[in-house]
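K.L.:
Quick one: the structure is below, and I'll ask about it shortly.
Since every read-out is calculated from the coordinates, none of them should be taken as a lab result. Bear in mind the structure is a predicted one, so any value in this text is a computation, not a measurement. For neighbour counting, all protein chains shown are included, and Cβ atoms are generated from backbone atoms with ideal geometry for every residue, glycine included.
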Amino acid sequence: MDLFPFAKTRLSDVQFRAPQYGQSQRTPDLLRQQMLSVVFGWEHDIELLIRDELSRHAPGSASGVLLSKWLGDFGADVMASMVGSESMTSSDWMLLALSSMGQDSQKKVGEAFVHRLLEKGDIHPAVAILLGLGEPNDAVEVYVSRQYFMEAVLLTCLVFPADWQRQSHLMLLMH
């Protein structure tokens, strides 16, 4: 499953250009926005990039559900679209179940399920569950350990927007 087929296509179309910092102080926000512009050809911030990608997936698709989880948009509308989908996987059902459990039970069951998903190679659903469990650092590290560097960069930009050091390190791994 590819969460970012459109961003990957855009990568090959982006012409190299130097970052445009102007006279502004180089804050983590400015550095992140310039990286998104130079590398991905995206002139907005990360959440809009992910929302743009999400809008290009079919409603209720596995990729769309997982990107919604990245954005924290896992409300009743997303759940209803999942239940109506013919392509529900065990991971989708687990996301639904975890969303209605109490914190303690959710954490134990979720961690066990993440372990099983990773053993099977279901990386994106495992990351979505980690995000739902409030473990964004572990979610990023799953992508890094499996060499999904583009996803690691984008998720880091989203969940750790001020951590330019980590973002830039992951960018080096991506290329």
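K.L.:
Take Leu71 and Phe149, extend 7 Å from each Cα along the Cα→Cβ direction, and tell me the distance between the two endpoints in nm.
P.N.:
2.8
K.L.:
Further question: Grab the Cα-Cα distance for Lys120 and Ser37, subtract it from 0.36 nm times how many residues apart they are, and report the gain in nm with one decimal. Can you show the working numbers first?
P.N.:
On the way: separation 83, 0.36 × 83 = 29.88 nm, distance 3.49 nm.
Result: 26.4 nm gained on full extension.
K.L.:
With all distinct Cα pairs included, what does the Kirkwood hydrodynamic radius of the range 131-175 come out to in Å, to one decimal, could you say?
P.N.:
Details: mean 1/r = 0.0979 Å⁻¹.
For the range 131-175, the Kirkwood estimate is 10.2 Å.
K.L.:
What FRET efficiency comes out for the pair Gln25/Asp2, r = Cβ-Cβ distance, R0 = 45 Å, nearest 0.05? Display every interim value, and only then the final one.
P.N.:
Values: r = 37 Å, r/R0 = 0.82.
Efficiency at R0 = 45 Å is approximately 0.75.
K.L.:
Separate question: All other residues with a Cβ under 13 Å from the Cβ of Val140 taken together, and with Lys, Arg as +1 and Asp, Glu as -1, what is their net charge?
P.N.:
Details: positive: Arg146, Arg166; negative: Glu135, Asp138, Glu141, Glu151, Asp163.
Once positives and negatives cancel, what remains is -3.
K.L.:
Per 0.36 nm of contour for each residue apart, how much would the distance between Leu48 and Asp13 grow if the chain were fully extended, relative to their Cα-Cα spacing?
P.N.:
Full extension of this stretch gives 10.7 nm more.
K.L.:
Still on this structure: So for the pair Gln165, Lys108, with labels modelled 7 Å out along Cα→Cβ, what separation do we get in nm?
P.N.:
3.7
K.L.:
Let me make sure I get this right: for the range 1-57, a, b and c are the square roots of the gyration tensor eigenvalues over alpha carbons, sorted descending. Under 1.5 in a/c it's rounded, otherwise prolate if a/b > b/c, else oblate. Which is it?
P.N.:
On the way: a/c = 3.26, a/b = 1.74, b/c = 1.88.
Since a/c reaches 1.5 but b/c is at least a/b, the shape of the range 1-57 is classed as oblate.
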